[in-house]
Each structure stands twice: as structure tokens, then as C-alpha cells.
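To start, I am sharing the structure in question, which I have written as C-alpha cells.
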Amino acid sequence: MKKYYHKKLIRDKIPELIQKTGGSFETKVLSIIEFEKELKKKLIEESQEIVEASPERMLNELADVLELIKSIGVHYGIKFRDIEKYQLKKNKERGGFLKRLFLIWSTGKSGQ
């Protein structure tokens, strides 16, 4: 059988799914530092998939990004409910994105 080299972080049950379809694989357990780096790389990969997703695939891609956000939170000892609380606080203070506003210029500093 032809080998496909992926060299990326995968979900925990992927090896089982490969085995069930008669495939073989090689995995390794990442160090903490490697895992942190790969989580962030995977978030970028999945975010790019949102950019390219059709409306029919959007739910799937959003679920992948949410899973990564939760996993990154766990890695840093941040509970998801704390992320949600902070997101709501920022929404209350700075708003969301419902108005579809695009800033062309301002006299304030970036991010202010």
C-alpha cells in the first residue's frame, strides 16, 4: 500500500479509524513543547479551511476550530467557561461583528 506522509497533529481516534479500514500507520506522542506548537499550527490550518469552506461545509469547519480552541485552553489550564465569560466581557465592552464594520482609517493607535 502507498504511504501518505501527513506529519500533523491528529484527533485521538484517527488511528482506530485507519485500522478499521484496513490501513496501517505510524504515530508518535509529542512532547509538551511540540504539542503546543502543533496545536497552534492546526488552528491556523483549520482557520484557513473556514476561509475556503462552502456554506455546506461551514458547520464542520467551525466545529474543528472550536475543538482546537477547547484543546488549547485545556493545554494552558483555561476552562472553556472562562473563555466564554471573557468573550462575553469583550463583546460587552467592544461589541461583536454583527454590524459588518470595516475600519479604513483612524487617528487612534492600532487596537485602541
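When you look at ILE104, is it in a loop (DSSP other than H, G, I, E, B), surrounded by 13 or more Cβ atoms within 10 Å (Cβ to Cβ) and without any contact (Cβ under 8 Å) to a residue 24 or more places away in the chain, yes or no?
Working: in a loop (DSSP other than H, G, I, E, B): yes; surrounded by 13 or more Cβ atoms within 10 Å (Cβ to Cβ): no; without any contact (Cβ under 8 Å) to a residue 24 or more places away in the chain: yes.
No; evaluated as a whole, the condition is false for this residue.
Could you run through the stretch 57-100 and say how many residues are in a helix (DSSP H, G or I) and among the aromatic types (Phe, Trp, Tyr)?
Of all residues in the stretch 57-100, those in a helix (DSSP H, G or I) come to 58-75, 80-94.
Pick out the ones that are also among the aromatic types (Phe, Trp, Tyr) and you get 80, 86.
Summing the residues that are in a helix (DSSP H, G or I) and among the aromatic types (Phe, Trp, Tyr) in the stretch 57-100 gives 2.
Which count do you get for residues in the stretch 10-40 that are part of a helix (DSSP H, G or I) and closer than 25 Å to VAL74 by Cα?
Qualifying residue count, the stretch 10-40: 13.
Just the residues that are exposed (fewer than 11 other Cβ atoms within 10 Å of the Cβ) and touching a residue at least 40 places away in the same chain (Cβ under 8 Å), please, taken from the stretch 63-97.
none
With respect to the numbered conditions (1) surrounded by 10 or more Cβ atoms within 10 Å (Cβ to Cβ); (2) closer than 21 Å to ILE83 by Cβ, which one is the sole condition not fulfilled by ILE32?
ILE32 satisfies all of (1) surrounded by 10 or more Cβ atoms within 10 Å (Cβ to Cβ); (2) closer than 21 Å to ILE83 by Cβ except (1).
Just so you know, all these numbers are worked out from the coordinates, no wet-lab data involved. Not measured: the values here are computed from a predicted model. Cβ sites come from the backbone with ideal geometry, for glycine too, and all protein chains shown count toward neighbours.
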